[in-house]
Amino acid sequence: MTMKKTLTLAGSDSSGGAGMQADLKTFQEYGVYGMTALTSIVTMDPKAGWSHNVYPLDVDIVSKQLDTILSVGIDAMKTGMLGSVDIIELGARKIDAFKLDKVVIDPVMVCKGEDEVLQPENTDAMRELLLPRATIATPNLFEAGQLAQTGPLKSIDDMKNAAVKIIELGAKNVVIKGGKALQHENAVDLFYDGESFTLLENEKVDTTYNHGAGCTFAAAITANLALGKSVKDAVSAAKDFVYAAIKHGWKLNDFVGPVMHGAYNKFSK
Ligand SMILES: Nc1ncnc2c1ncn2[C@@H]1O[C@H](COP(=O)(O)OP(=O)(O)O)[C@@H](O)[C@H]1O
Ligand SMILES: Cc1ncc(COP(=O)(O)O)c(C=O)c1O
Ligand SMILES: [Mg+2]
């Protein structure tokens with residue numbers, strides 16, 4: 001039996017809901033074979049309100065993981081938390097060297113519940129080196145404002161303006177996640193392919209158990225691309241997948257509630 005193969009170049013979320021853990025759980029739900037190049041390890045401090053610490057890995061270790069995986073070959077890839085500018089540069093070089101053409105860039109800058117950009121120096125490198133190589137970029141509202149350098153996005157018109165800038169910066173497609181952050185009765189995402197805008201909407205689930213939603217969404221897009229869907233269809237399928245995951249989000253402890261990565265197959269099919 002042959003399987004479609006996917007790569008995630010991402011960080012480890014020790015609490016299991018986001019990062020490469022979310023990616024692998026999502027790939028499994030789609031029946032694609034997931035491989036991981038780990039960039040950084042994130043720990044949470046239970047004595048300090050679950051505040052996050054990021055430990056980037058040495059770029060040589062990341063490079064060796066990528067060589068292992070790319071020697072096998074992949075059908076699609078995603079990036080998540082990248083850890084350092086060196087790792088971003090490495091990712092860009094490998095995308096070029098292996099002519100990777102289904103590339104989902106999830107430009108992770110913040111973790112939910114944290115209000116600071118974890119590694120500000122990475123933002124410029126992602127804008128300059130990864131957007132031009134993106135089949136699709138999947139920023140949340142905050143990240144889209146940072147990449148497009150428009151300041152905070154507060155409306156769908158602001159999202160459209162930022163989407164145009166992100167395409168000008170080189171991404172072939174972009175989906176800006178309005179999610180919970182946008183003041184709107186629904187959870188609205190804006191998809192733009194450089195020609196027309198499409199709004200993806202569903203009910204806004206009233207929950208704080210949404211840890212890992214963005215990673216799960218980007219991983220679902222990646223899996224759908226690997227399976228041969230068009231970019232637009234992959235995004236639309238991923239939106240339904242992550243909606244179910246959020247709807248069935250659950251409490252892990254007093255600080256965090258992850259999405260239920262497998263909820264779509266369990267409850268919505
Ligand atoms: N409360 C919610 N109800 C329904 N969908 C949501 C909710 N929060 C986020 N989403 C959706 O989940 C996906 C991930 O978005 P978001 O949580 O904003 O990303 P991130 O985790 O990167 O900040 C998007 O499709 C967004 O619209
Ligand atoms: C390793 C890692 N990647 C990505 C994220 C971002 O997760 P989300 O899907 O909630 O945007 C986090 C947040 O904790 C993380 O720890
Ligand atoms: Mg995110």
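The values are calculated or read from the model by the stated rules, or taken from the named source; none is laboratory data. Quick caveat, the model's predicted, so the values are computed rather than measured. With ideal geometry, Cβ positions are generated from the backbone for all residues, glycine too; neighbour counts draw on all protein chains shown. Side chains included, ligands, DNA and RNA excluded: accessible areas come from the protein's heavy atoms. Shrake-Rupley method; radii C 1.70, N 1.55, O 1.52, S 1.80 Å.
Tabulated values for the structure
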read-out: Test: residue in the range 202-214 that is within 10 Å of ligand 1 (Cβ to nearest atom), outside any helix (DSSP H, G or I), crowded, with 16+ Cβ neighbours inside 10 Å and among the acidic types (D, E); value: no
read-out: Residue, most open to solvent (accessible area, probe 1.4 Å), within the range 228-269, restricted to residues that are assigned to a loop (DSSP other than H, G, I, E, B) and within 24 Å of F197 (Cα to Cα); value: K229
read-out: Contacts under 6 angstrom Cβ, first residue in the range 242-253 being away from ligand 2 (no atom under 12 Å from the Cβ) and of a type in the set (D, E, K, R), partner assigned to a loop (DSSP other than H, G, I, E, B) and open to solvent by less than 70 Å² (accessible area, probe 1.4 Å), 6 or more apart; value: K247/V205; K251/G257
read-out: Matching residues in the range 47-62 - criterion: being assigned to a loop (DSSP other than H, G, I, E, B), closer than 15 Å to L9 by Cα and of a type in the set (A, V, I, L, M, F, W, C); value: L57
read-out: Residue list for the range 85-101, restricted to those being in contact with a helix residue (DSSP H, G or I) (Cβ under 7 Å, 6 or more places away or on another chain) and either more than 14 Å from L57 (Cβ to Cβ) or not in a helix (DSSP H, G or I) (or both); value: E89, A92, K94, I95, F98
read-out: Those residues of the range 14-26 which are over 13 Å from the mean Cα position of the chain (by Cα) and either modelled with pLDDT under 95 or not in a loop (DSSP other than H, G, I, E, B) (or both), in sequence order; value: K25
read-out: Qualifying positions in the range 15-30 - open to solvent by less than 40 Å² (accessible area, probe 1.4 Å) and away from ligand 2 (no atom under 11 Å from the Cβ); value: F27
read-out: Filter pass, D96 being away from ligand 3 (no atom under 12 Å from the Cβ) and out of contact with any Leu (no Cβ under 9 Å at 6 or more places or on another chain); value: yes
read-out: Unmet criterion (only one of (1) in contact with a Ser or Thr (Cβ under 9 Å, 6 or more places away or on another chain); (2) more than 16 Å from A213 (Cβ to Cβ); (3) more than 10 Å from ligand 2 (Cβ to nearest atom)) for S12; value: (3)
read-out: Condition check for L141: buried (at least 16 other Cβ atoms within 10 Å of the Cβ), out of contact with any Leu (no Cβ under 7 Å at 6 or more places or on another chain) and of a type outside the set (D, E, K, R); value: no
